[in-house]
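The values are calculated or read from the model by the stated rules, or taken from the named source; none is laboratory data. Just so it is clear, the structure is predicted and the values come from calculations on it, not from any experiment. For neighbour counting, all protein chains shown are included, and Cβ atoms are generated from backbone atoms with ideal geometry for every residue, glycine included.
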Amino acid sequence: MKKTLAAALALAVGVSIIGVGAGLAAGSADDMINARQAEMKLNMKAMKDLVAMLKGATPYDAAAVQAAAKAMADARTEGVAKDVWNASSQQGATVKSGAKPEIWTDASGFTAAWKDLDTAVAAIAATTDEASFKAAFPQVGAACKGCHEKFRAAEQ
């Protein structure tokens, strides 16, 4: 059962990464906003999978934890490579962004928030059992929350 869950998660993550990769072939502000949103959706999917394990809704699966952490790290790396958080993409022509201007006016704070997430994701990736996963996971949630509170506009 665990191997089946891990295989299904790995396949889903792989397909998501391909989709994010295509979305990250950014050019216009709309393209970059779409790419950022694809990155965040991938993170949200990975977080849902991790939270389900944390809460016991799905059994702990080390391979699934590794796949989720890798998906988040890969999406981040691709976003950086394509410069999707570039100041030229603050406003799209047709695509609405939930990014606050503080991303660009407080670039050092935004960079620090990303570093917090990168560090937390690396800690999850380094876990080897359920206990270490459960101990490391709260930092991922805190990093997401900290960034969203300061740099993401409220849902409307």
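Taking only pairs six or more apart or across chains, which ones have beta-carbon atoms under 9 Å, a first residue in the stretch 30-47 that is in a helix (DSSP H, G or I), and a second residue that is crowded, with 19+ Cβ neighbours inside 10 Å and among the acidic types (D, E)? Note: pairs meeting the criteria are A35/E78; E39/E78. In this entry, A122 is excluded by the filter for residues that are within 23 Å of N34 (Cα to Cα) and either at pLDDT 95 or above or aliphatic (A, V, I, L, M) (or both).
Counting only helices (runs of 4 or more DSSP H) that fall entirely inside the stretch 56-129 and contain at least 3 residues that are crowded, with 16+ Cβ neighbours inside 10 Å, the qualifying elements are 62-82, 107-125.
Condition check ((1) of a type in the set (A, V, I, L, M, F, W, C); (2) over 24 Å from I124 (Cα atoms); (3) modelled with pLDDT under 55) across all residues:
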residue	(1), (2), (3)
A25	yes, yes, yes
I33	yes, yes, no
R36	no, no, no
L42	yes, no, no
K45	no, no, no
D49	no, no, no
M53	yes, no, no
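G98 satisfies every condition listed in (1) without any contact (Cβ under 8 Å) to a residue 40 or more places away in the chain; (2) within 17 Å of K41 (Cα to Cα) except (1). Selection of the stretch 126-141 for residues being among the aliphatic types (A, V, I, L, M) and within 18 Å of E39 (Cα to Cα) yields only V140.
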